[in-house]
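Below you'll find the structure, written out as structure tokens, and then a few comments.
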Amino acid sequence: LKMSRPLVPCFFLTLIARLAQGLDNGVGHAPPMGYNTWNHLGCDGVSAEAIRRAADGIVERGFDKLGYRYVNVDDCWAVARDAQGMLAPDPTMFPQGMRAVADYVHAKGLKFGLYTDRGVWTCGARPGSADSFRIDARTFADWGVDYLKVDSCNAPDDPKHAIDEYMQLRDWLNSTGRPIFLALCGWAPWYAEVGSVLGNSWRVARDVNGFREVWNTVSINSRLSRFAGPGAWNDPDALISSTGGGRVQLTETQSRTQFTLWCIMSSPLVLGLPVQDLSDFDVETYGNAEAIAVNQDALGRQGEIIWQNCPPKSIVDLVREANASDYPAPPPCQQVWAKPLFGGDWAVAMVNWGSSPSMVAITAARLHAMGFKDGVHIRDLWRKADLGTYTNGFHGNVRGAGGSELYRLSPRRLYV
């Protein structure tokens, strides 16, 4: 996929090439999987008990065996800085401190994540890390933090300042000697061009609070596939379930399509939902080992759109809509996404953004271009069914209202 111009000025790319030491933390070889409080709780109810429940839920459901390992506290945990200048957690919600919470999570065989902001204040008006990167990096390491999300509220949003600040925090985290997955949260696609030297993942768009935002974010991320790979991932935000009880919610069809797209885009699979209270449908969605295998594939390639009839829209217009919180409804169109997998297989997703069911096809010519010269064996990953061998293209009947299908394509086996 070609883009008409760089997302950030070449000056900043030169600056990064000259000054960056690289992240060098040895983590994030596959997209991270786990839980985060924000889409589930927002600022309400963020507590040690909520984190313990999330950790318990991941283990009880067997999600840890599927790769869900991180249990992350988002915003609204800190209330002040103590006399030594260290961030202090809310004594009511975290009465034993953050180290005790991390120890509980670690005892479950999981990893602990935390949140800060490079600004003076976080998005939830709690103390941020501005001018305190050194002491905060050491504090997080001492607490046993394995994953750090760094937001950008109340901080300079121009690329030069953002790059410099993320670079400082990266280097202080490196200096602790603790491998901490560093998740940048600047809500802009230009991070993709510089993200791999600053962090392990970077948010490419605004928060996803509904299906209109899913469409906007996916449309932006579809332009950024070349920047993602092992250790460095485009992040389109956390997952939203169809189970009630969270801060945000999608329909069953929409939540499954979000998961399908996040899998084929090699996106972080972070559950922003009530893990212990999931519906059977959502357990089936987030517990699908074959779909997760697409996301976690060792090749580490982000999937791309190989066919669509959706109207073109520039990334500039998409960003403008997001920044204004003016999200139009997804257009009534269809797409075919494809992601190469280690060993020669491919994953293919068909997405129907329209309201009515639609037949979506992948042609024989396209299959040949993907390397399937002698036919292809197709497995339906949601129905967990082998569909047989095809030599002249393939089509799927995709439900409307944001429906999708996910397939794994393997070379036809020829025996002599």
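The values are calculated or read from the model by the stated rules, or taken from the named source; none is laboratory data. All values reported here derive from a predicted model rather than from experimental measurement. Note: ideal-geometry Cβ built from the backbone for every residue, glycine included; neighbour counts use all protein chains shown. Note: accessible area is taken over every heavy atom of the protein model, side chains too, but ligands, DNA and RNA are not part of it. Shrake-Rupley method; radii C 1.70, N 1.55, O 1.52, S 1.80 Å.
Assorted remarks:
- All positions within the stretch 311-339 that are crowded, with 18+ Cβ neighbours inside 10 Å and touching a strand residue (DSSP E or B) at 6+ places or on another chain (Cβ under 8 Å): Gln334, Gln335, Val336, Trp337, Ala338, Lys339
- Filtering the stretch 203-214 to residues that are assigned to a helix (DSSP H, G or I) and surrounded by 23 or more Cβ atoms within 10 Å (Cβ to Cβ) leaves only Val214.
- Answer from Leu182, Leu148, Leu169 - the residue that is touching a helix residue (DSSP H, G or I) at 6+ places or on another chain (Cβ under 9 Å), assigned to a helix (DSSP H, G or I), open to solvent by less than 40 Å² (accessible area, probe 1.4 Å) and under 25 Å from His106 (Cβ atoms): Leu169
- Counted residues, the stretch 34-45 - those being crowded, with 24+ Cβ neighbours inside 10 Å and part of a loop (DSSP other than H, G, I, E, B): 1
- Scan of the stretch 278-293 for residues that are free of Cβ contacts under 8 Å to residues at least 60 places away in the same chain and surrounded by fewer than 20 Cβ atoms within 10 Å (Cβ to Cβ), ordered by number: Ser279, Asp280, Phe281, Glu284, Ala293
- Against the conditions (1) in a strand (DSSP E or B); (2) open to solvent by less than 30 Å² (accessible area, probe 1.4 Å), Ala54 satisfies every one except (1).
- Within the stretch 42-53, residues that are more than 21 Å from Asp237 (Cα to Cα) sit with their Cβ atoms under 6 Å from residues that are of a type outside the set (Ser, Thr, Tyr) and open to solvent by 40 Å² or more (accessible area, probe 1.4 Å), at 6+ positions apart or across chains, in these pairs: Ser47/Met93; Arg53/Gln276.
- Flag if Val270 is β-branched (Val, Ile, Thr), closer than 28 Å to Ile51 by Cα, touching a Lys or Arg at 6+ places or on another chain (Cβ under 7 Å) and open to solvent by less than 60 Å² (accessible area, probe 1.4 Å): no
- Test for Ser404: is it of a type in the set (Ser, Thr, Tyr), within 23 Å of Glu252 (Cα to Cα) and either at pLDDT below 95 or not in a strand (DSSP E or B) (or both): no
- Note on the stretch 232-260: residues that are assigned to a helix (DSSP H, G or I), of a type outside the set (Lys, Arg) and crowded, with 24+ Cβ neighbours inside 10 Å amount to 5.
- Of all residues in the stretch 151-166, those being surrounded by fewer than 20 Cβ atoms within 10 Å (Cβ to Cβ) and acidic (Asp, Glu) number 3.
- Search result, residues across the stretch 134-145 that are open to solvent by 10 Å² or more (accessible area, probe 1.4 Å) and aromatic (Phe, Trp, Tyr): Trp143
- Of residues in the stretch 287-315 being assigned to a helix (DSSP H, G or I) and out of contact with any helix residue (DSSP H, G or I) (no Cβ under 7 Å at 6 or more places or on another chain), the one farthest from Leu406 (Cα to Cα): Ala293
- A count restricted to the stretch 101-133 and to residues that are crowded, with 16+ Cβ neighbours inside 10 Å, more than 22 Å from the chain's Cα centre (by Cα) and within 21 Å of Ala83 (Cα to Cα) stands at 8.
- Members of the stretch 215-231 found to be of a type outside the set (A, V, I, L, M, F, W, C) and in a helix (DSSP H, G or I), listed by number: Asn216, Thr217, Ser219, Asn221, Ser225, Arg226
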